[in-house]
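So the structure is just underneath, and the comments pick up after that.
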Amino acid sequence: MAICFELVVNFGDDAEAAQAAARIDPKPWVLRAGAHHIPLHRPMLAKVGSYIELSILPVAVSWGCGLDGSLPRFQLTAAELTELGHQLYELLAQFRGYVAAKVGWDPESFLDPAELRSEWSDELNDGSIHGLVLCEKLHAELDPSADYEAFQPGYRWIPYRGEEPSNLTTD
């Protein structure tokens, strides 16, 4: 089973916006992580239930990711992963038309509006899902009590605090 560090974006049913985001050329996007320079895999689109999901993964960062083939993994600290995460949010800021997005280890479970309502309502309300970006419409529908800040026009979030040392990091 793969454990992926990635940017995942829910585009709802907006195929045009999802395809525009997927057309981004990953070649100029070489991210910094300490002394490492890490390219991005080509963006992947998939239909997940009722919505279109876009995933963008840094090369050789995840555990057991088939996209990486036999490439050796970058051994990264939590601080280096955090640096990658901030750059993935910079990339996200260029996209339009999405419903929800998040960077981190396997963040997909935070992007389904139905799951956010049923499974994550306490965390939405206390602001503990840091890095979760919601479009204004979904934010208004969910009406969390936590103080979500502006991410970019039309989007709100609890700012990304970065990654913590764990068994997925070298520190």
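So the check is Cβ under 9 Å with 6+ separation or different chains; which pairs have a first residue in region 53-67 that's touching a residue at least 40 places away in the same chain (Cβ under 8 Å) and a second one that's assigned to a strand (DSSP E or B) and small (Gly, Ala, Ser)?
Hits for this filter: Glu53/Ala46; Leu54/Ala46; Leu54/Ala101; Ser55/Ala46; Pro58/Ala33; Val61/Ala33.
Within the set of pairs 6+ apart or on separate chains, which have a first residue in region 30-41 that is without any contact (Cβ under 8 Å) to a residue 12 or more places away in the chain, a second that is part of a strand (DSSP E or B) and open to solvent by less than 60 Å² (accessible area, probe 1.4 Å), and C-beta atoms under 7 Å apart?
Sorted first by the residue in region 30-41, then by its partner, the pairs are Val30/Ile38; Val30/Pro39.
Of the numbered conditions (1) of a type in the set (Val, Ile, Thr); (2) within 18 Å of Gly85 (Cα to Cα); (3) touching a residue at least 40 places away in the same chain (Cβ under 8 Å); (4) surrounded by fewer than 19 Cβ atoms within 10 Å (Cβ to Cβ), Val48 satisfies every one except a single condition; which is it?
Tallying (1) of a type in the set (Val, Ile, Thr); (2) within 18 Å of Gly85 (Cα to Cα); (3) touching a residue at least 40 places away in the same chain (Cβ under 8 Å); (4) surrounded by fewer than 19 Cβ atoms within 10 Å (Cβ to Cβ), Val48 fails exactly one: (2).
Just to be sure, is Asp112 over 12 Å from Leu7 (Cβ atoms), among the charged types (D, E, K, R) and in contact (Cβ under 8 Å) with a residue 12 or more places away in the chain?
When the stated conditions are applied, Asp112 passes them.
Restricted to region 1-17, and to residues that are in contact (Cβ under 8 Å) with a residue 40 or more places away in the chain and over 18 Å from Tyr89 (Cβ atoms), which residue is least open to solvent (accessible area, probe 1.4 Å)?
Gly12
Somewhere in region 87-102, is a residue part of a strand (DSSP E or B) and open to solvent by less than 10 Å² (accessible area, probe 1.4 Å)?
Yes, because at least one residue in region 87-102 is part of a strand (DSSP E or B) and open to solvent by less than 10 Å² (accessible area, probe 1.4 Å).
Across region 74-86, what is the total count of residues that are open to solvent by 10 Å² or more (accessible area, probe 1.4 Å), over 21 Å from Pro28 (Cα atoms) and part of a loop (DSSP other than H, G, I, E, B)?
2
The values are calculated or read from the model by the stated rules, or taken from the named source; none is laboratory data. From a predicted model like this one, the values you see are computed outputs, not experimental measurements. Heads up, the Cβs are rebuilt from the backbone with ideal geometry, glycines too, and the neighbour counts pull from every protein chain shown. What goes into the accessible areas is simple: the full protein's heavy atoms, side chains included, and nothing from ligands, DNA or RNA. Shrake-Rupley method; radii C 1.70, N 1.55, O 1.52, S 1.80 Å.
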